[in-house]
Amino acid sequence: MRSLADLHASASFDEGQELSDRLQSEDAPCIPDSANGSSALKKSYKSLRGHTSDLTGLNIDFSELAGQVVRTGLDGDDRWGEESTVPEDVYGLITVTITKEITELLMRLRIGAPVKLSVIRLSLAFAMMVMNLGLQLGICAYTRAYICNASVRLVQYNFRHFRSHVFDASGSPDLAKWQAYELKEEICGMAISKSLFCYTILFLWTCTMLCELRTAQRILSTVYHLPSCTLASEMLAFQDHIAFEGRCCIVGLTRWARSLLYLLVVLPKFVISCFLLHIGSRWLISGSFSDMILNSLALGFVIEIDDLLFATMVPITQQTQVINTKFFFEEKKVAHLREVDERHLKAYKRTGFYMGFALVYLLVYMRYVQSVLPPDLAEVRQLCSEYLSEHTEPICNQTGYLGDYGGCYPYGSGDVIGESL
């Protein structure tokens, strides 16, 4: 009996031999040997280049390379197309509710079946949506009013105090006043004064919000491009014989379903993402170095509210329905490598657009939009350079039990009491 490894090796050899025979046929280019000279070699390479763009003769599934999937309906017909997942959060829950749960409720009413379960699912989904929007918008509003604005006011007060007490009327610094200035720590600790650090953290925050915006853009594109239908039952295509409880695809949208998705999913996600991007950027640049990192983590909590509610408040059976539901765009099967490349290039173009948007937003916001402090803080960097070098150096660099800590932390010596950090 042949082993599994032998079978794999034999299959690989047979496939390789078939491919070799195909390449050596009269329609495929042949690699010349060294006796034919460089001219024949160039001709062969040219021939190879001409054939790499047409691989339809080989046994290659271009639809799989293009990301297409085949779905078999209950009628047994195979349909090719592009499939996208429904977000596993409150927005995905309301999407499935609008397209699937309401359709099931209408069908149950039509045939006289019990509707208690459908009503409970509908009520829970819309309650989660109201709670999610209330929490996200409420936290955003309170963050802007009582945290962000207060932080901006404090850093602006400190900067005004710094200019009025350290500089003279002509704008020249008084070094004697700077040495005795009591708000050195607050002024030198402003993250906005260090451009590289500030730009780095702000770029990461922008990328975080772009992830949310890209998700909203994908949902918008999906809702916009799905074909229209007149009946609610035409929105769904089931793959399992267990209707409404198994796997299904959203293949179309009625007018009311499309409008509800725009109103309850697309619009709130765009508004909250843009609002968080604005107040987050403003709050982050108004803090200190440590505050800038901690505040970015705190703002990330607002983004995850919809995931938190979905994971904790929604029963596992209703979560499974969201997981088993996909968007499906039926389209012609990809049959050529050129079509595969075009699809992949579109994805790279979108990625390039978002990368460019992040960089442009960062530069424009910091130089022309932000109203926290003046964009040029060279005076702060100049005066704080010596202060930061002195006050960021550790007092002791001894390591473990091998270190001699007597010089770092002497006993009974009162000469260090009162020293400034």
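Hey, with R₀ at 25 Å, roughly what FRET efficiency would LYS333 and TYR224 work out to, going by the Cβ-Cβ distance, to 0.05? Show your work: numbers first, answer last.
Working: r = 23 Å, r/R0 = 0.94.
E(calc), rounded to 0.05, equals 0.60.
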(request) May I ask you to compute the full-extension gain from PHE353 to MET107, defined as 0.36 nm times their residue separation minus their alpha-carbon distance, rounded to one decimal in nm? (result) 84.2 nm
(message) So, R0 is 30 Å and r is the distance between the beta-carbons of HIS391 and PHE301; what FRET efficiency does that work out to, to 0.05?
(response) 0.40
(message) Given 37 °C and 0.692 mPa s, compute D for segment 240-391 with the Stokes-Einstein relation, Rh being the Kirkwood radius over Cα pairs; round to the nearest whole µm²/s.
(response) 156 µm²/s
(message) Counting C-alpha atoms alone, how compact is segment 312-421: give Rg to one decimal and Dmax as a whole number, in angstrom.
(response) 30.1, 85
(request) Report, by chain and number, residues whose modeled amide H sits under 5 Å from the one on VAL86, excluding near sequence neighbours (fewer than 5 apart, same chain). (result) PHE327
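How large is the dipole of segment 341-384 about the Cα centre if only Lys and Arg carry +1 and Asp and Glu carry -1, each at its Cβ, rounded to the nearest 20 debye?
Dipole magnitude for segment 341-384 comes out near 220 debye.
Give me the dipole magnitude in Debye, nearest 20, for segment 104-192 about the Cα centre, with unit charges on the beta carbon: positive for Lys and Arg, negative for Asp and Glu.
Numbers: 10 positive and 6 negative charges, 149 e Å.
Here the size comes out at about 720 debye.
What part of the accessible area of segment 274-421, given as a whole %, is carbon or sulfur when the probe is 1.4 angstrom? The partial results should precede the final answer.
Details: 5840 of 9560 Å².
About 61 percent, which is the carbon plus sulfur part of the accessible surface.
Tally up the carbon and sulfur contribution to the accessible surface of segment 137-227 as a whole percent, 1.4 Å probe, everything protein left in place.
On the way: 3020 of 5080 Å².
That fraction is 59 percent.
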(request) Using label points projected 7 Å from each Cα along Cα→Cβ, tell me how many nm separate LEU363 and TYR409, to one decimal. (result) 5.0 nm
(message) I'd like the per residue volume of the convex hull spanned by the Cα atoms of segment 182-304, given in cubic angstrom.
(response) 117 Å³
(request) Collect residues whose amide H, placed 1.01 Å from N in the peptide plane, falls under 5 Å from the amide H of SER288; neighbours closer than 5 in sequence don't count. (result) ALA191
(request) Using only Cα positions of segment 83-164, each an equal point scatterer, no hydration layer, compute I(q)/I(0) via Debye at q = 0.15, 0.21, 0.24, 0.25 Å⁻¹ and quote the log10 values to two decimals. (result) -0.70, -0.96, -1.06, -1.10
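The values are calculated or read from the model by the stated rules, or taken from the named source; none is laboratory data. No experiment lies behind these values; they were computed from the predicted model shown. Reconstructed Cβ throughout: ideal geometry from the backbone, glycine too, with neighbour counts over all protein chains shown. When the accessible area is computed, the model is the full protein with side chains, heavy atoms only, and any ligands, DNA or RNA have been set aside. Shrake-Rupley method; radii C 1.70, N 1.55, O 1.52, S 1.80 Å.
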